[in-house]
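The values are calculated or read from the model by the stated rules, or taken from the named source; none is laboratory data. All of these numbers come straight from a predicted model, not from anything done at the bench. FYI the Cβ positions are ideal-geometry reconstructions off the backbone, even for glycines, and counts take in every protein chain you see. Protein only, heavy atoms only, side chains kept; ligands, DNA and RNA dropped before computing areas. Shrake-Rupley method; radii C 1.70, N 1.55, O 1.52, S 1.80 Å.
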Amino acid sequence: MIARGESGAQRALIAASFVSRIGNGLFNAAAVLYFTLVVHLPATQVGAGLTIAGLVGMAAGVPAGNLADRYGPRTVWLCAVAVQAVTMAAFVLIDSWLVFTLLATLDRLGASAAGAAGGALVARSGGYRPAAFRARLRTFVNLGVVIGTLGAGVALQIDTRAAYTTLILANAASFVGAGLIGLLGVPDYRPLPRPAEHRRWSVLADRPFVVFVGLYSLMGLQYQVVSLLLPIWLSAHTDAPRWTVAAVYAISSGVCVLLQSRLGSRVETPRQGGRAFRLAGLLFLVSCPLMALTADVPAWVAPVLAVLAVVIHSVGEVWESSAGFALGFGLAPEHAQGQYQGLFGIGFEAGQALAPIVLTGAVLALGQTGWLLLGVLFAALGLAGPLVASWGERTRAAAREALPATD
């Protein structure tokens, strides 16, 4: 049973995440159109600015995590969210590529810092059933993005500068709202005692964790399979109706919202996380060839096959994210959750930055063979999950046994 105080902190974190993700959904769906059609920046400049911002922004992860471990995660998280609120509001004033790139970089720095400190907050408020809490948290995160994306559709239909400005300011307000909820509802957790051997970059010496971050970063390519690769494939290589693209995206979001709590609450320990990671890879091994087959079937069959593939893929996504929670938090020392979550976030963001190049430049170029190779890659990564989980548990058990002698 979860203590009342911890339950209140969990509700506050869920509410704050839900509010901020609605704002993210509002902004992300219309951001590129605002920068190109309203601000009149060339698409190549927008892409270059976002790439620079993404690469520089990753640098804040581990340092912000160290600050969270040293001074308390809530303080660092609130500062990072405040930076995001200010930079987001300033997007309505940009008039040049330089200003756009500077603001985008500040926004990504704030996002990386918020991710590291927020991860430490999630770890500290997890209670006696942390996996169930994290699953509920991700359920509301997904739901918030869906609601925000639907709201953005209204502004996109209006297609005026005022409509886009409203979306941006609403996203800025969502950061303010999330910060207020966190300030009022999340305890100011004090730093935990750190062992003498702790260092600012200790996480880089934790080989099992670093290896898992690498595996998870590559497995993270799957997030853009449904949002990027499959829509291009359906439009260019199949006879499926155009509405199929919107349908599969909506179904994917719905499956994740409906199943995240039910399945994710079963993945508590690193060992369970390793098995969930393996299962996710095997499900992706099934879904990717099915997506490839949509090019070889009649127009009326392609949507059915695409939906089946996306349902299988989305179930795999639920297991994969649950594995990420179990191993990402379970292998991290309690006194260094901020530092570990900072590296975990850097790895994930690096994988997402590479995803468009890999998926469109390699997989799409190879056609159906590319889809098959992608499925094999996911399966191979998944099979490594239990091995890394076992390795991580062994090293931590050995460290605990050596502690009395060190003392």
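Observations
- Helical segments meeting 20 Å axial Cα length and Kyte-Doolittle 0.0 threshold in the chain (DSSP H): 4-28, 43-57, 73-90, 97-124, 130-158, 161-185, 243-264, 270-293, 302-330, 337-358, 368-406
- Unit charges at the beta carbon, dipole of the chain: most positive-side option, 16, 123, 177: 123
- Positive minus negative residues near residue 37 (Lys, Arg vs Asp, Glu; Cβ under 10 Å): 0
- Whole-number Å³ per residue for the convex hull built on Cα positions in segment 130-245: 207
- Three-way shape label, segment 301-407, alpha-carbon gyration tensor, a/c 1.5: prolate
- The portion of the accessible surface of segment 258-305 made up by carbon and sulfur, rounded to a whole percent, is 66 (1.4 Å probe; DNA, RNA and ligands excluded).
- Per-residue ellipticity at 222 nm computed for the chain from its helices equals -26500 deg cm²/dmol, with DSSP H segments shorter than 4 residues left out and the rest contributing -39,500 (n - 2.57).
- Relative to its Kirkwood radius, the Cα radius of gyration of segment 234-336 gives an Rg/Rh of 1.11.
- Portion, in percent, of the accessible area of segment 1-153 that falls on carbon or sulfur, probe 1.4 Å: 70
- Solvent-accessible area per residue for segment 156-247 (1.4 angstrom probe, square angstrom): 51
- Base-10 log of normalised Debye intensity for segment 300-364 (one unit scatterer per alpha-carbon) at q = 0.11, 0.18 Å⁻¹: -0.43, -0.87
- Rg over Rh, two decimals, segment 26-121 (C-alpha only, Kirkwood Rh): 1.04
- Solvent exposure of segment 252-407, expressed per residue, is 41 Å² of accessible area, with all protein chains present and a 1.4 angstrom probe.
- For the chain, the normalised intensity computed at q = 0.12, 0.13 Å⁻¹ comes to -1.00, -1.18 (log10 of I(q)/I(0), Debye sum over alpha carbons, equal scatterers, no solvent).
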